[in-house]
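These notes concern the structure reproduced below.
The numbers here are math on the coordinates, done by the rules we state, and not lab data. Everything numeric here is computed off the predicted structure, so don't read it as measured data. Note: ideal-geometry Cβ built from the backbone for every residue, glycine included; neighbour counts use all protein chains shown.
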Amino acid sequence: MDANEKKELTELVEFLKANGIVKFETERDGRKVALEFASGGGIDTAHLATLLASQPRGGGSAPVQAAAPAAAPAVEADPFAGAHIVKSPIVGTFYDAPSPDAEPFVKVGDRIEVGKVLCIVEAMKLMNEIESDAAGEVVKVFPKTGQPVEYGQALFAIKQ
């Protein structure tokens, strides 16, 4: 496994973790990879890279199973437990402000009311304002401006 493949694998694992994907399988160039994250644990990417490097190329390779390290750290308390999560109602591109030079609609720490515009999700050249369906304090903005978002993806955490 060369340096580019290791970098690509590490980026894939980080993407999966960041988006809450717990199971993933793929095959490319005759190499099969199956990842499954244990709840509350992470994946040992160094161990996974070693496993992949030892796999033969060709159609007969068995899937690589990677799991959380045996001595996983204690599960941390979810900092957003009890918070209301505002999710994207559509697939599109996330924007935190009405224009590139404008202030964001909301920032972490802002107190908001129901109906407050939180962001824009652009879909097919249409700018869709996403409004809050809960009142409270904004404690987390999940995506970065310009980032693609999926239907149902967490956009904001609001503590009531």
Query raised in the report: In percent, what relative contact order does the stretch 84-159 have, based on Cα pairs under 8 Å that are 6 or more apart in sequence?
Result: 43 percent
Query - Straight-distance crosslink candidates among aspartates and glutamates, where the alpha carbon sits under 18 Å from Lys32 and sequence neighbours closer than 8 are dropped - result: Asp2, Glu5, Glu8, Glu11, Asp44
Requested in this report: Pop the C-beta distance of Val91 and Ala135 into the FRET formula with R0 = 22 Å and round what comes out to the nearest 0.05.
Outcome: 0.25
Report summary line: Quick note on Phe15, Phe156, Phe80, ordering by fewest other C-beta atoms within 10 Å, gives Phe15, Phe80, Phe156
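If you keep only loop residues by DSSP, which GluC sites (Glu not before Pro) in the stretch 76-128 have at most 15 other Cβ atoms within 10 Å of their Cβ?
Glu76, Glu113
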Query - Size of charge dipole - the stretch 84-159 - debye, nearest 20, with Cβ of Lys, Arg +1 and Asp, Glu -1, no other charges - result: 220 debye
Query - Net +/- balance of residues flanking Val138 in space, Cβ distance below 9 Å, scoring K and R +1, D and E -1 - result: +2
**Report entry** Pairs from Lys87/Lys125; Lys7/Lys140; Lys87/Lys140; Lys87/Lys159 whose Cα-Cα separation, in the structure shown, is over 24 Å
**Finding:** Lys7/Lys140
Report task. Within 10 Å, count the other beta carbons around each residue, average over each peptide in 85-91, 145-151, and list them highest first. Result -> 85-91, 145-151
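Compute the normalised compactness of the stretch 84-159: alpha-carbon radius of gyration over 2.2 N^0.38 Å, N being the residue count.
Computed over Cα atoms of the stretch 84-159, the ratio equals 0.98.
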